[in-house]
Amino acid sequence: MQIPRFWRQIPNRYNLIGVQCENCKKVYFPPRIVCPDCHRLSIGKMKQYKLSDKGVVHSYTVIYEPAEGFENQVPYIMAIIQLEDGPRITAQIVDCNPEEVKIGSRVEMVFRRLGEDGKAGIIYYGYKFALVKTQT
Amino acid sequence: MRDVAIIGIGMTKFGELWEKSFREIGIEAGLRAIEDAKISGDLLDALYVGNMSAGKLIEQEHVSSLILDYSGYSSKHLPAVRVEAASASGGVALYEAYLAVASGMYDFVMVGGAEKMTDVGDAEANRELCSTADNEWESIFGATYASLFAMLARRHMYEYGTTEEQMAHVAVKNHKFASKNPVAHFKNTLTVEQVLTSSPVATPIKTLDCAPVSDGAAAVVLCPWDHARKFCDTPIKIAGVGLATDTIALHSRRDICTMDAVVRASSKAYHMARIGPKEVNLAEVHDCYTIAEIVEIEDLRLVKKGEGGKATAEGQTDIGGKVVVNPSGGLKGRGQPPGAVGIAQVVEIVQQLRGEAKERQVPGANVGITLNIGGTGATAFVSILKREN
Amino acid sequence: MVGIVSYGGYVPRYRITPAEIGAVWGIDGKSYGESLGVKAKSVPGADEDTITIAVAAARNALKRVSINPKDIGAIYCGSESHPYAVKPTATVVAEAIGATPDLTAADYEFACKAGTAGIQTCMGLVKSGMIKYGLAIGSDTSQGAPGDPLEYTASAGGAALLIGNEKVVAEINRTYSFTTDTPDFWRREGQMYPSHGGRFTGEPAYFRHVLTCAKKLMEMQGTKPEDYQYAIFHQPNGRFPRRAGKMLGFKDEQINQGLLTPYIGNTYSGAVMLGLCSVLDVAKPGDRILAVAFGSGAGSDGFDITVTDEIQNFKRENAPLIRHYIENAVEVNYAIYTKLKHQIILREE
């Protein structure tokens with residue numbers, strides 16, 4: 001990936017920075033320039049909003065035929081996560097066995113490597129999720 | 001607006017066409033359509049080409065001019081337009097061509113769809129399919145195209161009790177039809193057991209739940225309905241069309257198990273054709289994965305929401321059932337050259353409505369519907385085709 | 001009063017045992033592990049590195065206090081396994097905890113004591129009034145050449161200490177360092193794995209520096225081993241810190257809480273700092289702690305620490321305790337271990 005393309009999304013990918021429409025208060029992630037509900041009324045009113053890093057698994061899959069750059073992680077778990085603030089996002093679930101993941105499982109954001117531009121290139125970091133476990 | 005007819009159809013074999021280049025398959029389909037329409041190519045007013053990824057897959061952009069040139073019409077300097085809407089490129093090209101003829105702008109239009117997938121390896125072909133999802137917020141996180149449909153499938157299983165076995169029935173049915181289709185990528189039939197035990201791709205999707213990546217092209221010739229009988233004994237009327245879109249990312253949909261774009265596009269098409277889903281005899285839908293067919297026949301309202309899997313397993317979508325789905329073999333059996341799919345679906349329905357589908361002929365085929373989607377349903381094109389006696 | 005305002009540790013979930021490693025090289029790994037005092041070592045996930053571990057530790061530290069991350073004026077990340085040779089770990093951490101842009105940040109390298117060097121720098125900046133808070137991180141995904149004795153201990157983990165002078169939960173009474181040029185362990189530019197001087201790493205390196213540093217620090221402070229509830233020494237294996245403690249006059253009860261190597265291996269820059277986190281997880285007001293780090297090359301950083309009353313208001317429970325990471329572990333075999341460490345050569349696309 002081109003460096004500027006990743007660099008400009010760092011706040012979003014590191015810290016789940018999305019936007020909130022000040023007109024209807026709905027939260028969006030990834031950020032949008034226009035609120036799909038308020039349209040014109042939202043222009044200039046989409047303000048940065050840090051989303052909660054917790055959510056539940058809305059759906060998931062265990063990938064055996066990987067995306068490029070994920071060959072070493074096979075099998076890996078991808079999920080659509082329903083965040084507490086409303087939006088759903090697509091992200092990996094790590095640090096557990098596939099059998100432990102269920103629709104409705106509670107998850108929280110962790111910070112991991114997303115990929116790299118080959119051995120000599122930039123390393124990309126950002127959000128993944130891990131199951132919330134009862135702490136002892 | 002004028003009524004529009006399809007007076008010619010043509011397509012190449014779908015599959016691994018090692019000997020043939022992109023331009024060769026594009027021209028082959030077009031020439032067959034011209035031959036079928038029994039018109040002189042000199043009558044054509046314009047060309048529309050649906051293509052997803054020539055720029056990436058064969059490093060060739062500007063394919064509208066390329067195809068027109070190699071069709072031998074460069075000296076006529078005809079207008080030529082390339083349309084891209086992921087795997088709905090062909091359908092959207094047809095939509096645009098339909099509008100041009102219906103409006104009176106053009107009389108005779110060639111619409112083609114073509115894709116050359118096998119000049120690159122599987123990894124690159126799959127990466128191209130991935131790029132039809134939201135690259136910045138889905139693909140980059142490791143989601144593959146199959147994994148997105150897998151998450152749709154998992155949720156559908158959770159909400160409606162759909163099973164992997166029901167999904168397998170889609171593959172079995174579509175391979176059965178494909179085995180009778182001379183242009184199909186796959187000739188082999190499958191058993192439910194074979195599908196269920198094939199290797200996992202992205203659970204619950206297995207290898208035999210996936211459509212292959214194929215080369216291929218398809219083309220149709222459109223003209224105003226009022227001229228159609230001059231060229232063709234059995235012109236097929238485009239009775240309704242609908243084009244609709246939704247969020248590019250699956251996760252942002254109102255409901256990941258419902259393709260709202262399909263609901264909207266089909267509503268428009270039904271309304272325009274003044275028919276309801278019950279009057280549809282056969283359907284060509286976008287079964288890039290078996291779950292896609294299940295969801296799509298629900299969202300086209302051919303079956304009740306949530307009952308697509310059950311209806312399939314019960315044979316409701318096979319010959320003798322309520323509505324025959326994918327008599328061509330679908331993407332699963334006939335093959336999946338993304339840009340060509342939308343046009344090939346129309347080619348199949350026209351053949352069926354003309355009664356020329358031979359071994360896989362659907363008895364009493366009078367009204368057919370096609371559904372061509374882009375990405376995970378971010379674009380949906382629906383056409384309703386009718387035989388008018 | 002300069003000291004620790006908050007702390008956070010992180011240890012990856014995977015573990016491998018000496019028996020599993022030994023089996024690959026045809027030796028009795030179980031006995032070898034026992035001789036090293038190591039039952040298992042932590043292994044980073046395939047998508048973990050020194051940066052992700054540093055971020056996890058830093059975020060855990062910030063979860064326990066309600067400070068504005070923008071008030072952090074300095075971040076120092078100590079490691080001998082920074083993912084980039086050129087491009088700082090510290091800037092990624094700064095961005096990931098929301099501390100950018102008004103701060104200074106840099107990476108440190110001093111073998112296993114790069115993290116504690118960061119604590120000292122932060123103390124100086126806080127004491128001088130140049131910054132309100134400083135974040136010192138020690139984090140490593142350390143490498144041991146396959147088949148080398150280091151392979152049995154080189155592990156992954158990290159800790160972050162927030163240094164300041166308000167609401168200090170543990171005051172750092174004094175720090176002292178003992179430094180010489182002693183080439184006991186090194187890694188040349190471009191080399192995958194470190195090299196070491198074998199038994200030379202013992203007496204002239206580890207013991208000389210750790211013991212001298214501890215003795216001088218206690219001399220300066222006028223303290224004796226019995227004045228401390230806890231003592232933490234750098235822990236390349238499970239034996240050295242116990243022996244060092246014994247030589248100085250400490251008892252096992254003072255050492256145990258801060259000795260993590262038996263369960264997670266040697267986390268290098270994370271080692272003493274994670275040990276300190278483990279002690280702070282249970283410490284009470286008034287408890288005195290002696291922490292002595294050691295970095296090959298060589299030097300020791302000693303810290304004389306007193307836990308304050310503030311620890312009673314401190315929200316330890318807002319982030320996982322070290323015990324949680326020790327207990328919440330999954331053993332992997334050597335094949336999975338090599339996969340997690342990216343040692344399987346994959347086809348290039």
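Structure values in brief
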read-out: Among B:237-244, C:182-189, the order from most to least packed when residues are scored by Cβ within 10 Å on average; value: B:237-244, C:182-189
read-out: Distant-in-sequence amide H partners of A:G115 (H built 1.01 Å from N, under 5 Å); value: A:Y124
read-out: Relative packing of C:123-130, C:52-59, which averages over residues the other C-beta atoms within 10 Å, highest first; value: C:52-59, C:123-130
read-out: Gained length - C:D148 relative to C:Y334, 0.36 nm times residue gap less alpha-carbon distance; value: 65.5 nm
read-out: Shielding by partners - mean other protein chain Cβ count within 10 Å, residues of B:196-203; value: 4
read-out: Shielding score for B:248-256, defined as the mean number of other chain Cβ atoms within 10 Å; value: 4
read-out: Rounded tilt (10° steps) of B:260-273 against the dominant C-alpha axis of chain B; value: 40
read-out: Whether region B:163-268 is rounded, prolate or oblate, judged on the alpha carbon gyration tensor where a/c under 1.5 counts as rounded; value: oblate
read-out: Value in Å of the Kirkwood radius, where region B:237-355 supplies the Cα pairs that are averaged; value: 14.8
read-out: Size of charge dipole - the protein assembly as shown - debye, nearest 20, with Cβ of Lys, Arg +1 and Asp, Glu -1, no other charges; value: 1540
read-out: More than 23 Å apart - percent of Cα-Cα pairs taken over region C:73-201; value: 39
read-out: Summed buried accessible surface, chains B and A, 1.4 Å probe, nearest 100 Å²; value: 2800
read-out: Within-14-Å neighbourhood charge of C:F200 [Cβ basis; K, R +1; D, E -1]; value: -1
read-out: Farthest positive-ward along chain C dipole, Cα basis, beta-carbon charges - from C:Y193, C:V65, C:Q229; value: C:Q229
read-out: Centroid-to-centroid separation of region C:292-349 and region B:171-216 [C-alpha atoms, Å]; value: 48
read-out: Segment B:D42-B:D255, extension gain: residue separation times 0.36 nm, minus the distance between their alpha carbons; value: 71.8 nm
read-out: Overall Cα dimensions of region A:54-131 - principal axes, largest extent first, Å; value: 39, 25, 17
read-out: Relative packing of C:140-151, B:332-343, which averages over residues the other C-beta atoms within 10 Å, highest first; value: B:332-343, C:140-151
read-out: Zone residues, region B:152-181, relative to B:T197, backbone N less than 17 Å from point 7 Å out along Cα-to-Cβ; value: B:165, B:168-169, B:172
read-out: The protein assembly as shown shape via C-alpha gyration tensor axes, a/c threshold 1.5; value: prolate
read-out: B:E16 long-range amide H proximity, modeled H, under 5 Å; value: B:D215
read-out: Simple spin-label estimate for A:D117 and B:S21 in nanometres, 7 Å along Cα-Cβ; value: 3.3
read-out: Efficiency of FRET from Cβ geometry, A:E100 and C:D227, R₀ 56 Å, rounded to 0.05; value: 0.75
read-out: Average partner coverage of A:3-15, which counts Cβ from other chains inside 10 Å; value: 3
read-out: C:G238 long-range amide H proximity, modeled H, under 5 Å; value: C:G37, C:V38
read-out: Cysteines not pairable in chain A (beta carbon separation under 4.7 Å absent); value: A:C24, A:C96
read-out: Average silhouette area of region B:23-81, convex hull of alpha-carbon atoms, in square nanometres; value: 3.9
read-out: Percent breakdown of C-alpha pair distances by 20 Å bin, ordered from the shortest bin, for chain B; value: 32, 60, 7
read-out: Length added when fully stretched, A:K45-A:V132, from 0.36 nm per residue minus Cα-Cα; value: 27.9 nm
read-out: Per-residue HN-Hα couplings for region C:164-178 [Karplus 6.51, -1.76, 1.60; θ = phi - 60°; Hz; x = Gly/Pro]; value: x, 10, 10, 6, 6, 8, 8, 7, 8, 5, 6, 10, 9, 10, 10
read-out: Reach of B:K358 by Cα under 23 Å, taken over lysines that are not fewer than 8 positions away in the same chain; value: B:K13, B:K38, B:K173, B:K176, B:K180, B:K187, B:K237, B:K322, B:K332, B:K386
read-out: Within the protein assembly as shown, helix-based [θ] at 222 nm, where runs of 4 or more DSSP H residues each add -39,500 (n - 2.57), nearest 500; value: -8500 deg cm²/dmol
read-out: Per-residue ³J(HN,Hα) for region B:299-307, Karplus 6.51 cos²θ - 1.76 cosθ + 1.60, θ = phi - 60°, Hz, x for Gly and Pro; value: 6, 7, 6, 6, 9, 6, 4, x, 10
read-out: Chain C - percent relative contact order, Cα under 8 Å, separation 6 or more; value: 25
read-out: Taking all pairs of distinct alpha-carbon atoms in region C:213-283, Kirkwood radius in angstrom; value: 12.2
read-out: Ratio Rg/Rh [Cα only; Rh per Kirkwood] for region B:53-208; value: 1.04
read-out: Rounded to the nearest 20 debye, dipole of chain A from Cβ charges on Lys, Arg, Asp, Glu; value: 660
read-out: Chain C: DSSP helices with Cα axial extent of at least 18 Å and average Kyte-Doolittle hydropathy no lower than 0.5; value: C:50-63, C:114-127
read-out: Cβ-based charge dipole, region A:54-131, positive-most Cα from A:Q82, A:Y60, A:I123; value: A:Q82
read-out: Computed over chain C, the ratio Rg/Rh where both radii use C-alpha atoms and Rh is Kirkwood; value: 0.95
read-out: Set of region B:98-131 residues, backbone N closer than 11 Å to the point 7 Å along the Cα-Cβ line of A:N72; value: none
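The values are calculated or read from the model by the stated rules, or taken from the named source; none is laboratory data. This structure is a prediction, so every number in the text was calculated from the model and none was measured. Every residue, glycine among them, receives a Cβ derived from its backbone with ideal geometry; neighbour counts consider all protein chains shown. These area figures cover heavy atoms from the full protein model, side chains too; ligands, DNA and RNA do not enter into them. Shrake-Rupley method; radii C 1.70, N 1.55, O 1.52, S 1.80 Å.
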